[in-house]
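The values are calculated or read from the model by the stated rules, or taken from the named source; none is laboratory data. Nothing here was measured: the structure is a model prediction, and the numbers come from that model. Note: ideal-geometry Cβ built from the backbone for every residue, glycine included; neighbour counts use all protein chains shown. Keep in mind that these areas ignore ligands, DNA and RNA; they rest on the heavy atoms of the full protein, side chains included. Shrake-Rupley method; radii C 1.70, N 1.55, O 1.52, S 1.80 Å.
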Amino acid sequence: MSGFSFDLSGRNALVTGASSGLGARFGRLLAQSGANVSLAARRKDRLESLADELGGNTAAISMDVAQEASIIAGFDAAEDAFGTVDTLVANAGIDGAGMATSITEEEIERALSVNLKGAILTAREGARRMIAAGTRQGRIVITASITAFEPSPGLVAYAASKAGVVQAARTMAREWARTGICINTISPGYIRTEINDEWFDTDPGKKQISRFPKRRLMGEEGLDAMVLFLSSDAAEFVTGADFVLDDGQTL
């Protein structure tokens, strides 16, 4: 049996939604594991602070995943910094909260535009460039959610967007199977982040936590090992898969 390593030295990564929360953690994780990392998001000032913290193998790049022109420009900037992106973590997203009977058309469109359309456009731009460059160990990881398959009242648009992400990734995996690109999704459980922080301090949020089998929110660190694995050479035989990482919250 051959050995394997999650050392990402020599990889050129791009992480979207990297200005806060999980995206910032993923950017830090990949950089500390040896990859060159382009940190992408709309809030470039935050990205620059993170890049300054992490050092010379990182770059701060403006990108709005709801706009294809911005995605293309972001990949151009990443290539200028480090060369062809061969490791992509498409993490950008918004919460899209709202009951089905009250959420506005604009809120639905925004959630689908950022979470679903943005993930597809980002993944395909990365794949196009990997294929053109002849990259045979391309890695794409998209952040989905347990709401993709777990009914979640009040999150109808968000849940629909994340379910779409899982199926889109499976379809793209089939399309790109012979290119050497492996594309997978992770479906985290509920983690306290900037998006949901206030909710979990409310009485309904606390009741939600009390219904989980372990009666707790999971920590961000629970995603680290899987993100590293799926970004590494060790994931050569894994594509089109969704990995539920939820601390048992859906049991």
Self-check item: the chain: antiparallel DSSP beta bridges as a percent of all, rounded to 5
Solution: 0 percent
Quiz item: Just how far, in whole angstrom, is segment 168-184 from segment 29-102 if you go by their alpha carbon centroids?
Solution: 21 Å
Quiz item: How would you rank 9-18, 165-174, highest first, on the average number of other Cβ atoms within 10 Å across their residues?
Solution: 9-18, 165-174
Quiz item: Using only Cα atoms, what Kirkwood radius does the chain have, in angstroms?
Solution: 18.2 Å
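Taking Rh as the Kirkwood radius, which is the inverse of the mean 1/r over Cα pairs, what is the Rg/Rh value for segment 139-197? If you can, show how the numbers build up before the last one.
Values: Rg = 13.1 Å, Rh = 12.4 Å.
Rg/Rh: 1.06.
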Self-check item: Protein accessible area in the chain, 1.4 Å probe - carbon and sulfur %
Solution: 51 percent
Practice problem: Given the options 239, 179, 143, state which has the largest fluctuation in a GNM of the chain using a 10 Å cut-off (strictly under) for Cα springs. | Solution: 179
Quiz item: Pick from 231, 161, 210: which is most flexible by mean-square fluctuation in a GNM of the chain where alpha carbon atoms under 10 Å apart are linked?
Solution: 210
Quiz item: What does segment 69-117 give for Rg and for Dmax, in Å, if only its C-alpha atoms count?
Solution: 15.3, 47
Practice problem: With a 1.4 Å probe and every protein chain left in place, work out the accessible area per residue of the chain in Å², rounded to a whole number. | Solution: 46 Å²
Self-check item: Cβ charges +1 (Lys, Arg) and -1 (Asp, Glu), total dipole of segment 141-209, debye
Solution: 420 debye
Quiz prompt | At q = 0.22 Å⁻¹, base-10 log of I(q)/I(0) for segment 1-99 (Debye sum, equal scatterers on each alpha carbon) | solution = -1.05
Self-check item: Expected 222 nm ellipticity per residue - DSSP helices of 4 or more, -39500 (n - 2.57), all of the chain, to 500
Solution: -12000 deg cm²/dmol
Practice problem: Name the lysines eligible as straight-distance cross-link partners of residue 44: C-alpha to C-alpha under 29 Å, and not fewer than 8 places from it in the same chain. | Solution: 117, 162
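What do you get for Rg/Rh over segment 1-52 if you use C-alpha atoms and the Kirkwood form of Rh? List each step's numbers first, then the result.
On the way: Rg = 12.2 Å, Rh = 11.3 Å.
Ratio of gyration radius to Kirkwood radius for segment 1-52: 1.08.
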Exercise. Starting from 0 in steps of 5 Å, tell me what percent of the Cα-Cα pairs of segment 149-241 lands in each bin.
Key: 2, 11, 16, 19, 18, 13, 10, 6, 2, 0, 0
Exercise. Report the residue, chosen from 41, 235, 127, that carries the largest GNM mean-square fluctuation when the chain is represented by alpha-carbon nodes joined by springs under 10 Å.
Key: 235
